[in-house]
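Read-outs: derived from the displayed coordinates by stated rules, not from any lab. Fair warning: this is a prediction, and the values are worked out from it, not measured in the lab. Reconstructed Cβ throughout: ideal geometry from the backbone, glycine too, with neighbour counts over all protein chains shown.
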There are 4 protein chains.
Amino acid sequence: MAEKEWASAVTSIAPNEIRVRGYRLDELMGRVSFGEAVYLVLRGDLPRPAVGRLMEAMLVASIDHGVTPPSTLSARNAATTGAPLNACIAAGALAVNRHHGGAVEDCMRLLARGASRVGSGESAAAVADVLIADEKASGRRLPGFGHRVHTDDPRSHRLLTLARELGATGPHIAVAEAITAALAASGKPLPLNVDGAIAAVLADLGFAAELANGFFILARTAGWMAHVAEELAREKPMRRIDQQTCAYDGPAPRELPAR
Amino acid sequence: MAEKEWASAVTSIAPNEIRVRGYRLDELMGRVSFGEAVYLVLRGDLPRPAVGRLMEAMLVASIDHGVTPPSTLSARNAATTGAPLNACIAAGALAVNRHHGGAVEDCMRLLARGASRVGSGESAAAVADVLIADEKASGRRLPGFGHRVHTDDPRSHRLLTLARELGATGPHIAVAEAITAALAASGKPLPLNVDGAIAAVLADLGFAAELANGFFILARTAGWMAHVAEELAREKPMRRIDQQTCAYDGPAPRELPAR
Amino acid sequence: MAEKEWASAVTSIAPNEIRVRGYRLDELMGRVSFGEAVYLVLRGDLPRPAVGRLMEAMLVASIDHGVTPPSTLSARNAATTGAPLNACIAAGALAVNRHHGGAVEDCMRLLARGASRVGSGESAAAVADVLIADEKASGRRLPGFGHRVHTDDPRSHRLLTLARELGATGPHIAVAEAITAALAASGKPLPLNVDGAIAAVLADLGFAAELANGFFILARTAGWMAHVAEELAREKPMRRIDQQTCAYDGPAPRELPAR
Amino acid sequence: MAEKEWASAVTSIAPNEIRVRGYRLDELMGRVSFGEAVYLVLRGDLPRPAVGRLMEAMLVASIDHGVTPPSTLSARNAATTGAPLNACIAAGALAVNRHHGGAVEDCMRLLARGASRVGSGESAAAVADVLIADEKASGRRLPGFGHRVHTDDPRSHRLLTLARELGATGPHIAVAEAITAALAASGKPLPLNVDGAIAAVLADLGFAAELANGFFILARTAGWMAHVAEELAREKPMRRIDQQTCAYDGPAPRELPAR
């Protein structure tokens, strides 16, 4: 049985010429940011520069969250057994699922339901009430809201502020903000967490929900690399890694220099 | 047996305050590029802007290489069996090893041997001859040189040009270029490939060789995401993926607009 | 925040004494088969010997299926890039999903729906018709029926025959056989494949559907080990593995000696 | 570039006929044990029955070791994030490396060095002294000796006893026992652990050291399945799994019934 031909629209390879979505890869290097290149490879076209900056901010937001996330434990735990770096990263990625990182995807679907109603003429505030009631009725938690450590996630504020400054807001962000407002008004405030903010931004940029945990994995790979390197440099093999007993001993709080 | 305390210097987490290497994460967002943030999380300090641009160019260089790399087959093959995206990415990462992506690490070690001799006063040209002879004598291929498709890898030229423009060259790049020159003079030219160019740049930036395949995985995750999304959108489940019969049907060659 | 105590009922560890589900592990060794031990660790008690034999037959049935399954490609593809054995096995496991190996789980759920109706007094034949109509109406394929190579899967016959001989049949096998009969009578025969037969046996033994692909992975790990060892012994690194061009050159057909 | 044909000697597939190393798979089912089938698929021929029993005992020995091994933490940690079973197993496998499970491979290489000297006429006792001195001189721990919990590993005794009873001992077991005796005589007894015993048995059976951690992964997959099922049944998602605070609450110690 001969296999049929098939096709890919991502990258063309010819001797000494690599083109991603039609652009020469060597010309992209140094001229577009990595965030723009990520957008290009996934969407087929370069974004406008403001969207590129938002992409980068989203990746920066996800780059690390210390030793407590289960995916970071997974990467460090693999390292303590002697796994090579790529296996540590794979182990990290395998711990990014529905309950860790997955809220981005679930929240994108929630906001898409809301945005669709907004598109039909309902107000964001009314839609927010419906979505909250729906999730409550079905016994689900609102994905993208609440955090076990942060009552007011600084990453969310910053990301939505940037989206506004860069002119990249749309109905998904509007619904996310309406939900936040409705929860605050209800006396049970539940802040938009970074997963929810990323979900709103990704959805307004037109990304498919299926890709959501990929962005998290991509950005967090840098964090896992840092943790694996630190594990190997500072700890003995085959230790039991207790996330509770870890103290921070890195640089003291410092201001970002003007740039 | 009580576990001893241990420490991490990467990220501090307090309610509503996340600091990566001492900087507030929300302040980093929108102010530093992702490449700068990657450098920060791995090295402990922000790079100067030129180095940040080089980091981004390096990540862009690795973002995709079409359907033929074994790691891309691995990601697509997982997708065709119905794996979720994170498992497809993990499968991709597990195919990044000594023979695929691993040349960066091996080349970094080779160039480190060379740079050390240059530091002791030998000329780069003399060192290049020694390294070539050593590898030949031990029956190894020169890691970072030669490519099964490209006789003159456009990504390598571009990356070294950028490093020069940005003032980020050092003895490792010098040794890499001396080896290239020696090979060309020998009548058996073997071009510096993208792995070799990345190795030279990473080494001159002071990165540990152990981290090398992590950068490749990080950047290529974007490519794997694009291929997995395409696989799911265009192909039926459980197909045999023959890399040989794939045609490119994406955008025609196009010029990068002035930016 | 102190973590609460938690408990596990699988294995107790004390110095020089390891007990799996209450039995000393060293006493189990040599006295129970591996299939019996698998049953014990998963279910909490030893099976009767006939069930142990069925467990072993089920594992033997899944041990290998040549070079064409995508999980075997995944393991070999990792090997060709230089991955260590454990990463090759992990890559194999990551390709066991809904469309490959996953039919066991789906079929277990289908048969459970049928067995529940049989338990309420309907005949297996009537239930089979309902299930076939339901799946057709919802546009799904019948999981566990049909195979791209085998029109009459020898493993299925053998497994059900053994189950009968060993007195380990129940309503799930009855429903599976009724579906097979109904399909044959319909003029569109679709044989019970090995996934379906394993599903019927596992379900009648009382295993949870969620465990289904674990048995496949466990047994097939042996096959992946054989393929990885062969890949390393016979092939060069970084080859493109085309499953279509593989010929078999192992031992000629031979009879199993009387044992 | 057309790919060359290649060949595999593991399994032949024809419509309705699957042959593993020449034997019909359906005939193997119910007639050979899983341990014999594992030997067959890896070695190309069926073992004599005693060796099959030893294979099964070796797999039983590795089936579980409670919640403390890092690979079990890895599997449970993936489960608590919502990973599907196959990803949990893959995560477990990725934590089987040099420092966990890897002692089997290292010990096989050590014993092979010893067996080779025994084959040249040296006594096992003399060889043991040399190997101990060599490892000490190079600053390495003796792989396969010592355990953080067990001062006298019951699995090792049982496995070597079985090997003797089954007539499956050879020079590797002799060297392992000579090392044990030499260590005991030195006043610093360090017992042969289960990894060492498995290494000795596998080596005397003629298995390649490269396969060693595969057997561990294969057998332990059953344990990981039990732990993942228990995690999902008894615990909430996204918990921090502290191996130290786990109590055993399974069946009380019980005698294995006469079989």
* Structure fact -> Note to self, chain C gives a 222 nm [θ] from helices alone (DSSP H runs n ≥ 4, -39500 (n - 2.57) apiece, / all residues, nearest 500) of -17000 deg cm²/dmol
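For segment B:34-99, what's the relative contact order in percent, using C-alpha pairs closer than 8 Å and at least 6 residues apart? Numbers along the way, then the final one.
Working: 48 pairs, mean separation 15.2, N = 66.
Normalised by residue count, the contact order of segment B:34-99 is 23 percent.
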* To do: Please list, in chain and number order, the residues 5+ apart from C:His150 or on another chain whose amide H is under 5 Å from its amide H, with Hs placed from the backbone.
  => D:Asn16
* **Sequence-separation-based contact order of chain C, relative, with Cα cut under 8 Å and 6+ spacing, percent** => 25
* **Cβ-vector label at 7 Å, A:Ala208, separations to other copies in nm** => 3.2, 3.8, 4.0
* How high is the relative contact order of segment C:149-205, in percent, with contacts defined as C-alpha pairs under 8 Å that are six or more residues apart? -> 52
* Structure fact -> One finds, for C:Ala14 and A:Arg141 with R0 = 41 angstrom and r their Cβ-Cβ distance, a FRET efficiency to the nearest 0.05 of 0.50
* Asked: Across segment D:93-110, in residue order, what do the Karplus-derived ³J(HN,Hα) couplings come to in whole Hz, using 6.51 cos²θ - 1.76 cosθ + 1.60 with θ = phi - 60° and x for Gly and Pro?
  -> 4, 5, 9, 9, 9, 2, 8, 9, x, x, 4, 4, 5, 4, 5, 4, 5, 4
* Structure fact -> On each of the three principal axes the extent of the alpha-carbon atoms of the protein assembly as shown, given in whole Å and largest first, is 78, 75, 61
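With a ≥ b ≥ c the root eigenvalues of the C-alpha gyration tensor of segment D:132-259, is it rounded (a/c under 1.5), prolate (a/b larger than b/c) or oblate? Could you put the intermediate results ahead of the total?
Working: a/c = 1.91, a/b = 1.62, b/c = 1.18.
Verdict is prolate for segment D:132-259.
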* Asked: What is the average number of partner chain Cβ atoms found within 10 Å of a Cβ in C:202-214?
  -> 3
* Asked: Given a Förster distance of 45 angstrom, what is the FRET efficiency for A:Lys188 paired with A:Asp45, based on the Cβ-Cβ distance and rounded to 0.05?
  -> 0.60
* Round to the nearest 0.05 the FRET efficiency obtained for B:Glu27 and A:Ala181 when R0 = 25 Å and r is the Cβ-Cβ distance. => 0.50
* **Choice from C:Gly102, C:Gly187, C:Gly66 with maximal GNM fluctuation in chain C (Cα, 10 Å cutoff)** => C:Gly187
* To do: Answer rounded, prolate or oblate for segment C:78-125, using the Cα gyration tensor with square roots of eigenvalues a ≥ b ≥ c: rounded when a/c is under 1.5, else prolate when a/b is larger than b/c, else oblate.
  => prolate
* Taking square-rooted eigenvalues a ≥ b ≥ c of the alpha carbon gyration tensor, is segment D:55-210 rounded, prolate or oblate, where a/c under 1.5 means rounded and, failing that, a/b exceeding b/c means prolate? -> prolate
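State the Kirkwood hydrodynamic radius of segment A:1-132 in Å, one decimal place, computed from all pairs of distinct Cα atoms.
18.9
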* To do: May I ask you to report, in nm to one decimal and beginning with the shortest, the distances from B:Ala9 to the same position in the other copies, taking label points 7 Å along Cα-to-Cβ?
  => 4.8, 4.8, 5.4
* To do: One decimal, nm, shortest first: give the distances between the label point of C:Glu235 and those of the same position in the other copies, each label point 7 Å from Cα along Cα→Cβ.
  => 1.6, 3.6, 3.8
* Between A:Asp106, A:Asp129, A:Asp195, find the one with the highest GNM mean-square fluctuation for chain A; connect C-alpha pairs within less than 10 Å. => A:Asp129
* **Closest approach to the axis - chain D beta-carbon, rotation onto B, Å** => D:Ala87, 3
* So what's segment D:1-75 giving for Rg/Rh, alpha carbon basis, Kirkwood Rh from the mean inverse pair distance? -> 1.15
